[in-house]
1. Could you tell me, in Å, what Rg and Dmax come out for the Cα atoms of chain A?
2. Measure nothing but the geometry: give the 0 to 90° angle between the long axis through the Cα atoms of B:104-120 and the longest principal axis through the Cα atoms of chain B, rounded to 10°.
3. Which whole number gives the average count of other chain Cβ atoms within 10 Å of the Cβ atoms across peptide A:176-187?
4. For Cα pairs less than 8 Å apart in space and 6+ apart in sequence, what is the mean separation divided by the residue count of chain B, i.e. the relative contact order in percent?
5. Diagonalise the Cα gyration tensor of the stretch A:32-178 and give the resulting equivalent ellipsoid semi-axes, square root of 5 times each eigenvalue, largest first, whole Å.
6. Could you tell me the calculated FRET efficiency between A:Glu27 and A:Lys314, based on Cβ-Cβ distance and R0 = 22 angstrom, to the nearest 0.05?
7. Any idea how far apart A:Leu243 and B:Ser95 come out in nm if each label point goes 7 Å out from Cα toward Cβ?
8. Between A:Ser323 and B:Val126, what is the label-point separation in nm under the 7 Å Cα-to-beta-carbon projection?
Amino acid sequence: MKKSLLFLFVVLFSLTGCRTYYQRQQEFHGYFQTGRMDDAARVLERSKDGSRRRNELLHLLDKGVVQHMLGNYSLSNELFEQAFVLGEDFRRDALDEAISLLVNPAMSDYRGEDFELLMVHYYKAMNFIQLGDLDAALVECRRMNIKLAALEDKYTKNNRYRRDAFIHNLMGIIYDASGDFNNAFIAYRNAYEIYRDDYPELFGVSAPVQLKYDLVRSAFRAGFSDLGSEYESLFGIQNPGSLGSGEGELVFFWQNGLGPVKEEWSINFSVVRGAGGTVQFVNEEMGISFPFISGAQASGNLGDLRLVRVAFPKYAERRPVFSGARLSGRQHQSVLELAQNVNAIAFKALEDRMLREFSTALLRLAIRQAAEQGLRRQDERLGALFGILGAVAEKADTRNWQTLPHSIHYSRMKLTEGEHDLQLELLNQSQQVIRKVPIDVSIRASRTTFRNFHTLDAKPVGFR
Amino acid sequence: MIISLILLSGCQRRTVSRIDPGQVVDLSGRWNDTDSRLVAEEMIRDVLSRPWLMRFENRAGRVPVLIVGDVRNRSHEHIDAETFIRNMEREFVNSGTVRLVQGAEFREQIRQERADQQEFASPETVARWRREIGADYMLTGTMNSIVDQYRRDRIIYYQINLELTDMETNEKVWIGEKQIKKVVRN
């Protein structure tokens with residue numbers, strides 16, 4: 001029994017390296033960031049990390065993005081659909097939880113952040129639209145709606161990420177394209193209210209001007225002229241009206257840079273024994289003190305502890321090279337407006353959860369210490385070994401979806417029917433064009449054409 | 001201890017059980033199937049018990065023909081007006097006191113099919129043109145909502161307004177209103 005237990009520990013602990021998830025995926029990211037998608041796909045196929053069940057979701061998400069970038073929209077959607085089902089059916093597995101508490105959280109199944117699971121639908125909708133299946137894109141809209149409602153219900157506090165304006169806006173744009181102006185209006189209005197109430201403070205994003213025009217136009221088109229006029233005077237704009245004959249529209253999404261990756265940081269705590277079976281984890285430097293009430297079986301064991309290290313995850317930004325962009329053609333030029341700051345949402349989501357991260361990390365610590373003491377009483381050497389392995393294994397979960405963009409900008413453009421050679425003009429901080437990317441679109445009259453383009457240029461982690 | 005830990009985290013198995021569609025289940029407080037059904041039933045009961053019906057029958061000597069038009073959604077939720085409209089249509093038809101014709105979208109589909117029949121169906125089974133029944137009245141409506149939230153409490157208020165309009169005179173012969181108010185505590 002003891003031998004097998006020891007064996008189990010050694011196996012479990014030896015599974016954990018000391019590199020972060022991003023560092024372990026270096027080869028893939030090297031290809032991905034330089035746009036060599038075929039190579040990136042090949043690396044993913046034979047990735048050892050990806051073949052593990054606990055990383056399956058992330059693996060599917062990365063593969064989905066790569067296939068999307070390669071233009072394999074059907075395959076990309078198959079992968080994202082699998083990721084969607086995995087995210088939906090996620091259930092806490094007791095053994096999984098136990099391992100995560102005994103060893104470290106990187107050993108548990110990755111379940112996906114709320115914003116990551118929502119972004120699955122962005123990619124799926126884009127894929128379906130490129131495949132010309134607007135009905136399927138509308139199914140994604142309904143799924144987004146269900147997920148948004150669940151997210152809003154999950155949390156009650158307002159000053160956190162619980163409402164996603166961009167996803168509402170995206171739903172509106174798709175409903176709009178399908179001719180369902182009533183639902184488009186509802187989605188645009190919800191999006192506007194969230195951009196107004198939540199986004200400036202939480203993510204530094206305000207309501208895009210385009211959204212205001214879309215809101216006004218959809219109100220009139222849905223037959224709510226009273227609301228349309230109300231928004232016209234509130235925004236100080238005029239209803240842009242419907243498309244003229246021989247005119248179509250382009251909705252262009254620009255995905256800028258790369259989202260953050262996760263790194264690890266740790267705090268050392270000294271453990272102070274209190275009265276009545278309580279212990280305190282104290283870090284005087286940071287002024288943190290956590291009381292921890294140990295159970296009856298553990299009491300007396302936790303007391304003689306020394307210094308212990310606890311690891312936590314943190315996000316590290318990969319700053320984008322471009323700070324803005326314009327889409328210009330012979331007929332028009334339009335500035336792409338910031339609609340979603342994925343980077344800021346990631347930081348905020350982790351910040352919102354930090355207290356919980358703290359307490360599970362401390363619980364992990366306490367359980368491991370108690371287990372060590374328990375083992376020591378039976379066998380001093382076994383206990384000591386467990387203690388050493390535990391200290392080595394202490395590690396934060398540094399996994400996240402690392403192929404997401406840093407931010408998403410968009411614009412809507414009226415164009416005449418036919419082929420158009422547009423230029424995506426990428427700007428630096430002083431608003432100078434530093435690169436031009438040709439964008440060819442084919443516009444059909446009274447239709448909405450969608451395009452999305454991802455510029456992968458980003459500064460390395462920690463580079464300002 | 002490991003075992004106690006496993007017991008603590010418990011086993012969350014997913015269960016699926018089938019229930020009667022008529023059963024009232026309120027989960028999130030948002031608009032659901034029960035709201036749709038109750039509003040449709042009550043509204044139709046109301047509209048069929050009002051004097052316009054008898055007046056029409058006395059005047060025309062037959063039951064009126066109705067069409068269900070748009071029910072516009074002005075609320076904050078993406079409500080499927082379709083199920084609501086279908087619920088109302090079912091109540092109308094089953095009441096036996098009015099006749100119902102297809103709305104605009106399906107009329108087009110049927111006309112296409114009829115046009116198709118002119119060419120391909122055998123002469124004795126061809127549906128003839130110009131025999132559609134014109135509606136005497138049109139039912140239209142709006143859905144509105146107000147959400148008030150403070151801390152953990154949320155009040156969701158829905159108001160559904162329906163109107164029956166005379167197709168010839170634009171006269172509103174009936175106005176119905178139904179409110180639903182829900183308190184959600186987190």
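Coordinate-derived values only; no laboratory data. Model, not experiment: these values are computed from the prediction. No Cβ is skipped: glycine too gets one built from the backbone with ideal geometry, and neighbour counts run over all protein chains shown.
1. 25.5, 85
2. Taking the Cα atoms of chain B, the angle to B:104-120 is about 50 degrees.
3. Taking the mean over all residues of the peptide, I get 2.
4. With pairs under 8 Å counted, the relative contact order is 22 percent.
5. On the way: eigenvalues 139, 109, 28 Å².
Computed over the stretch A:32-178, the values are 26, 23, 12 Å.
6. Working: r = 24 Å, r/R0 = 1.08.
The formula returns an efficiency of 0.40 here.
7. So the two model labels end up 4.2 nm from each other.
8. Modelled inter-label distance: 7.3 nm.
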